[in-house]
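Trainee: I am attaching a structure below and will ask some questions about it afterwards.
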Amino acid sequence: MILWGGLSIYVPRQVWFSNFLTVKLLSPRRQVTDTLTATSTVLDAIADPVFITDAKDDWVYVNAACCDLLGYPSGILLGQQKPDLLTSSGLDILRGLQQRALATHAVQEREIALRNGQDEVRILAVKISLWTDQNQSPFLTHILRDITQRVETEQRLQQESRRERLLGAIAKHLLHSMRPVNLLERSMEELRRFLEADRVLFYSLRPDQLGVLAEAVVPDQNSLKELLLDETCFNPAELSQYHQGQFSAVEDVENSDLPEAQRVYLKAVNVQSQITIPVVQGDTLLGLICVHDCRHPRPWMQWEIESLQDVATQVGRAIAQADLYAQVRQLNAELETQVEQRTRQLRQALDFEATLKLIADRVRDSLDESQILQTAVEELTGVLGAKGSNTALYDLEQGTSTIYYEYNESLPPYQGRVAQMEAFPEVYHQLLNGQYFQFCSKEPNPVRGHVAMFACPIRDDRGVLGDLWLINEKDYGFAEQEIRLVQQVANQCAIAIRQARLYQAAQAQVKELERLNQLKDDFLSTVSHELRTPVTSMRVALQLLGVTLNQELGLNEELQKPKTSQNRVARYYVVLKEECEREISLINDLLDLQRLDGGNHPITPQRINLQSWLTGIANGFYERAQSREQALSIVLSDELPHIISDQASLERVFAELLNNACKYTPPGETISVSAIAQSNDQLLVTIANSGVEIPEAELPRIFDKFYRVPSSDPWKQGGTGLGLALVQKLLWHIGGQIAVTSKSSQTAFNITLPIDINLAI
C-alpha cells in the first residue's frame, strides 16, 4: 500500500501500471501533478513504459522506461512541441482507442507502429485505461510494451510459411508438367498472388523462344505477352549483371536513375515499380522474372527478393529438366524411329532371306535353264515390287546377249531380243567385269520411257553367264538390301545354270556310254553265237581224237600217269581239252549274261530241300579241296526250311562261289558253308574262306564284268572275270542279293535268298 498525495494505492508485484492507476482522486490537478512528480521514483521502477494524458491529449506523465523506449527525455515528451512519434496509420489507431476509452470507460488494447528517436519503427502493444480525479477530470493511462521482435518473428514465420507454400505450389506445378510454357504460366500466377503484384512475367532470352513466354496479370492491367521488349529495355550493363546472377530492383520508376528510354517504356506499360530476377542455369541466362506494381511505388523487401531468387532457381532447374525431358523424348522418338526402321529392315531381311531360300531351292531342284531364269525373274519382281524384270544369257564367242525370259505387266516385251555387246560397251564392260550398277534414264527410253534400272551379272568363279535387270519408277533407288538380294539370287542362278549344263553334258555322256555299251553287248552276243558253233565242233572233234588216240596209242593209260611222266601227245591232248572247255564256259557265261540283261533267262520255280541239296553241292568239292590241302566244312541249321526257287540258277551260283573259294584259298586254310533262316521270308547262306583278303579298294569292283582282283590266284589259274558278275545277276533275277566282306584274312560272301521266289519277284 502506497500513500500517494492523499491517494491510497495498492501496488501488486509484476502487474501492469494500469492495474494500480484505477484510483480515486482526492486533490486538484496540481496536487495530482505534484503527487506524480513526487512518486516518479516508484513509477520509474516499473519495467513497462508508461505515459499519462489528460482529456486534451496533453502528456502529464512519462516514466523512465517510456523515455528509453521512445529515445527522448521526459522534458521533450511532456513539452508542447513533442516530436512526431507516430506514423499516420499509428496516430489514427491511437486516437480511435482513446476516444473509445473515454466513451466506454473500458480498457482498450491494440498494436501500433511508432518511430523512436533513432528513426526506427517499432511495433508496440498499447493498453489504455481511464481514470478520473476528485473533480471528475478524465485521465488516460497508456502502458506500452515493445513487441517489435515478436511481430518481426511472427512476420518472418508467416513469410517463411507463405514462401514455403509458394515454393511447394511451384514445385508441384514443375513436377507435374514437363512443358516449359505450362509450368511457367502456373508458376507466374502463384508468384503474383504471393507478392500481391499487378503483373509477373517470364521473359525468355533464348534465341528460339525470345520474348514473353509466360505471364500472370490482374484483369485491369494490360498484358505484355504478345510484345517483344524493345532492345532499349536491356542495356549491356544490365545483361552482364543478369548473366552473373544479380537482380535489379526499382522502387519508383519515375524517380529512378534508369536510362530515359527504359523509363519511357516502363511508364508506357504503366509500371510504377519493378524488380527483375535472372533465371540462370549453369553458365546460361535462360530468361528474366519481372514483377510489376502498376499502382504505386513499392519498396522491395529482402524476403521478397529472396523468395523471387528461390523461385528463379526452381524455374531454371525446371526449364533445364524440361529441356532434358524434351531431349529424352526426342531421343526416344528417334530411337523408336530407328527401332522401327531396324525392325522393318530385319523384317525385310527375313522376307528377303525367305525369298532367297525359296528361289535357291527351286532353281537348285531344276535342271532346266529356262525354268531357273523364269523362277528368279518372277520371284524377284514380286518381292521387290518392281515394274518389270528380265534376264539374259551371254554367248561370249559371238559377243551377244539374248533375253531368255522377262516378267512385266505394263512394259513392252523384250523377250528373245539379241543385243551385240560391242554396241553397248558402257553397259557390258561393267557386267563382264562382274560389277553391278543402277541408273535413271536422262532421256526417255523410246520403248519404256523414264525408268530406273538395276543390272547385276550372273556369274560364278568361272566367269559371267548372263545378267539380271530390274526396272522401276524413274525416281526409285534400289536399297542396299535389295541389291544384296539380287546379287545372291544371281549367284544362285549361276550355280544352277552351271549345274544344269553339267547335268546336260553328263546325260549326253550317259547316252553315249549306253549306246557304246549296247554296241559292245551286241558285239559280244554276236561273237558268242558265232564262236559257239566252231567251239562245239572242236569239242566233238577233240572227243573223237581222244578215242582214236586211245585205240592207237593207249591215251587213257597215258593220262593216268603223272604229268611229268606223260608223253607229249597226252600232254597236248590235255591242254587242248582244258582250253576248249574254258572257251565253251566263257561263251556260255557271255550268253547267260546277255540273256539276263535282256530279261530272257527262264525261271522254273521248284521246291528245294536246301539242307540235303546244299550238302550235295558242297560234297562235289571235297576231293578238289583235299587235293589242294584245304579244309571244307558245312554248317547247316537243323531247322533250315524248304525254299521255292530256281534250282538251276542256284546251282550255278553256289558252284561258281565254291569254285572261286577253292581257287583262291591257300593250302592249310578252311572253306566253310553255312545257312540259317533270318526270318519267315528270308534265308542267309554264307560261303567263306580263310587265309585270303581282298583289298578294301577292290571290293566295290569285284562284281564288274571282266574284273579280276590282281594277284589273288595262288594257283595261277586262268579266269574270265565274269563269274561274280554272273552270280550277282542270277541272284537279282531270282530275288536274292549278295554282299562281300573281307578283313582279318577272312573273305565271306553273304547270300540272301527269299523263301518263296514267287513272292519276291
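Throughout, read-outs are computed from the coordinates displayed, never taken from laboratory work. None of these values were measured; they are calculated from a predicted model. Methodologically, a virtual Cβ is constructed for each residue, glycine included, from the backbone with ideal geometry; neighbour enumeration extends over all protein chains shown.
Trainee: Report relative contact order for the stretch 354-507 in percent, whole number only (criteria: Cα-Cα under 8 Å, sequence separation at least 6). Could the numbers behind the result be given before it?
Mentor: On the way: 267 pairs, mean separation 39.4, N = 154.
After rounding, I find 26 percent.
Trainee: Rank V464, A505, P425 by how far each Cα sits towards the positive end of the charge dipole of the stretch 415-516 (+1 on Lys, Arg Cβ; -1 on Asp, Glu Cβ) and give me just the farthest.
Mentor: Farthest along the dipole direction, towards plus: A505.
Trainee: Using only the alpha-carbon atoms of the stretch 354-507, report the extent along each of the three principal axes, biggest first, to the nearest angstrom.
Mentor: Its Cα atoms span 48, 37, 26 Å along the three principal axes.
Trainee: Per residue, what volume in Å³ does the Cα convex hull of the stretch 313-354 take up? Intermediate values should be presented prior to the final figure.
Mentor: Numbers: hull volume 1.1 nm³, N = 42.
With only Cα atoms used, the stretch 313-354 gives 25 Å³ per residue.
Trainee: Count charges around G71 for me, please; just the other residues with Cβ under 15 Å from its Cβ, Lys/Arg as +1, Asp/Glu as -1.
Mentor: Net charge in that neighbourhood comes out at -2.
Trainee: Restricting things to alpha carbons, find the Rg to Rh ratio for the stretch 310-413 using the Kirkwood radius for Rh.
Mentor: Details: Rg = 26.5 Å, Rh = 18.4 Å.
Checking Rg against Rh, the ratio lands at 1.44.
Trainee: Among R263, R701, which comes first, second and so on when ranked by fewest other beta-carbon atoms within 10 Å? Intermediate results must be reported in sequence, preceding the final value.
Mentor: On the way: R263 17, R701 12.
Ranking R263, R701 by Cβ neighbours within 10 Å, fewest first, gives R701, R263.
Trainee: Moving on to the next point. Convex hull over the Cα atoms of the stretch 65-139, averaged projected area in nm²?
Mentor: The number I arrive at for the stretch 65-139 is 5.7 nm².
Trainee: Also, quick follow-up: Determine by what factor the alpha-carbon radius of gyration of the stretch 289-330 differs from 2.2 N^0.38 Å, reporting the quotient.
Mentor: Details: Rg = 15.2 Å, N = 42, 2.2 N^0.38 = 9.1 Å.
Its radius of gyration relative to the 2.2 N^0.38 Å reference: 1.67.
Trainee: Same structure again: Tell me, what are the semi-axes, in whole angstrom and largest first, of the equivalent ellipsoid of the stretch 632-691 as set by the roots of 5 times the Cα gyration tensor eigenvalues? Present the calculation step by step, with values, prior to reporting the outcome.
Mentor: On the way: eigenvalues 111, 43, 12 Å².
Computed over the stretch 632-691, the values are 24, 15, 8 Å.
Trainee: Taking the Cα centre of the stretch 602-760 as origin and charging only Cβ (+1 Lys, Arg; -1 Asp, Glu), how large is the dipole, in debye to the nearest 20? Write down the numbers at each step before the final one.
Mentor: On the way: 11 positive and 15 negative charges, 89 e Å.
Charge dipole of the stretch 602-760: 420 debye, to the nearest 20.
Trainee: In nm, what is the difference between 0.36 nm times the number of residues separating S240 and A697 and their Cα-Cα distance?
Mentor: On the way: separation 457, 0.36 × 457 = 164.52 nm, distance 9.91 nm.
In short, 154.6 nm is gained.
Trainee: Still on this model: Mind putting together the pair-distance distribution for the stretch 602-760? All Cα pairs, 10 Å bins, whole percent per bin, short to long.
Mentor: In whole percents, the pair-distance histogram is 10, 41, 36, 12, 0.
Trainee: Take the stretch 191-311, compute every pairwise Cα distance, and split them into 10 Å bins from 0; I just need the percent in each bin.
Mentor: Calculated over all Cα pairs of the stretch 191-311, the distribution is 13, 49, 35, 3 percent.
Trainee: All other residues with a Cβ under 12 Å from the Cβ of Y707 taken together, and with Lys, Arg as +1 and Asp, Glu as -1, what is their net charge? Please list the in-between numbers first.
Mentor: On the way: positive: R701, K705, R708; negative: E698, D704.
Summing Lys and Arg as +1 and Asp and Glu as -1 gives +1.
Trainee: Have a look at the DSSP beta bridges in the stretch 602-760 and tell me what percent are antiparallel, nearest 5. Intermediate results must be reported in sequence, preceding the final value.
Mentor: Values: 27 of 34 bridges.
Around 80 percent antiparallel, to the nearest 5.
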